[in-house]
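Here the structure is laid out as structure tokens; the discussion comes afterwards.
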């Protein structure tokens, strides 16, 4: 079983889509921090792209513990979050704060007049330390080109570059980290 947590309007072939939104492809409509319908030790892979940053530093530990609970031994947790180091580099190059505000603060419409925003941001050191402290191992970067080679049409924020869509010469502004239970 493979879960796509916080999938929103993005469909990823071969995954069970979990989200609070009402898109037709959503298989389990729930908040990604409450996977009560998923049995412990039953998931081979979790993919969560640009969803973890919606939980603050106090909440994120419980969220990751819940995700770890449902993963099988050696199950893979694949994360993508805004990359503070890359965003600082973009700012230093452009001297334009408008270029980094979206990835830092985010904004997602969850109701008619209701929005949620990012509550934190990570660099590789802070995310790695958090994952290690929660018992995850084999923590490494992952490359979206390799992960999505069987889903070449799939595109999400794990592939976010500055300048926008410049995947050849741009700066990847997503921190893509995977680990194992």
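Every number in this text was worked out from the coordinates using simple rules, so none of it is lab data. On a predicted model such as this, the values are computed, not experimentally measured, just so you know. Methodologically, a virtual Cβ is constructed for each residue, glycine included, from the backbone with ideal geometry; neighbour enumeration extends over all protein chains shown.
Okay, here's what the table says:
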quantity: Subset tally (residues that are within 25 Å of residue 21 (Cβ to Cβ), part of a helix (DSSP H, G or I) and in contact (Cβ under 8 Å) with a residue 12 or more places away in the chain) for the stretch 98-126; calculated: 3
quantity: Residue list for the stretch 89-101, filter: surrounded by 15 or more Cβ atoms within 10 Å (Cβ to Cβ) and out of contact with any helix residue (DSSP H, G or I) (no Cβ under 8 Å at 6 or more places or on another chain); calculated: 89
quantity: Residue in the stretch 168-181 that is nearest to residue 106 (Cα to Cα), counting only those that are out of contact with any helix residue (DSSP H, G or I) (no Cβ under 7 Å at 6 or more places or on another chain) and surrounded by 11 or more Cβ atoms within 10 Å (Cβ to Cβ); calculated: 170
quantity: The lone exception for residue 73 - which of (1) in a helix (DSSP H, G or I); (2) over 15 Å from the mean Cα position of the chain (by Cα) it fails; calculated: (1)
quantity: Members of the stretch 1-52 that are within 16 Å of residue 181 (Cα to Cα), surrounded by 20 or more Cβ atoms within 10 Å (Cβ to Cβ) and under 15 Å from the mean Cα position of the chain (by Cα); calculated: 3, 46, 47, 48
quantity: Residue count, the stretch 155-166 (criterion: in contact with a strand residue (DSSP E or B) (Cβ under 9 Å, 6 or more places away or on another chain) and surrounded by fewer than 13 Cβ atoms within 10 Å (Cβ to Cβ)); calculated: 1
quantity: Selection from the stretch 140-168 of residues that are in contact (Cβ under 8 Å) with a residue 24 or more places away in the chain, within 19 Å of residue 7 (Cα to Cα) and not in a loop (DSSP other than H, G, I, E, B); calculated: 144, 147, 157, 158
quantity: Test: residue in the stretch 116-139 that is out of contact with any helix residue (DSSP H, G or I) (no Cβ under 8 Å at 6 or more places or on another chain) and closer than 18 Å to residue 6 by Cα; calculated: no
